[in-house]
Amino acid sequence: MRAENRDKAIKKQKQDFLESYFSLKNQFLGIEKLIIDDFQRYSLNEILEFKATLQELYFKMRYFVKQLRKYHKVYIDIEKRNGFI
């Protein structure tokens, strides 16, 4: 019984990590697309704000990739640009 609960908890954690990673990646790609589509329209300060947001999202995604690799043996290439957008 205990092993089943532990296995369920591990699977739930893995699923939560994957969902969080892909949600963050989708946000990341959305911001990148926004910048690329209307780059000339933004001021330098807006671009720098986008950059800070992208860095924050990247560090969060990297955390989930490390956790998935370390505890769940799931290998994700964080540099791939394909996503849900």
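Every number in this text was worked out from the coordinates using simple rules, so none of it is lab data. Note that the structure is predicted; figures quoted are calculated from it, not measured. FYI the Cβ positions are ideal-geometry reconstructions off the backbone, even for glycines, and counts take in every protein chain you see.
Here are a few things to note about the model shown:
- For region 1-71, relative contact order (Cα pairs under 8 Å, six or more residues apart, normalised by length) works out to 51 percent.
- Nearest 10 degrees, 0 to 90: helix 44-72 Cα axis against the chain principal axis: 20 degrees
- Sorting 11-18, 32-39 by their mean Cβ neighbour count within 10 Å, with the most densely packed peptide first, gives 11-18, 32-39.
- Theoretical ellipticity at 222 nm over the chain - DSSP helices of four or more residues, -39500 (n - 2.57) apiece, nearest 500: -28000 deg cm²/dmol
- Cross-link reach is defined here as a Cα-Cα straight distance under 15 Å, omitting same-chain residues fewer than 8 places apart; for Lys80 the aspartates and glutamates meeting it are Glu32.
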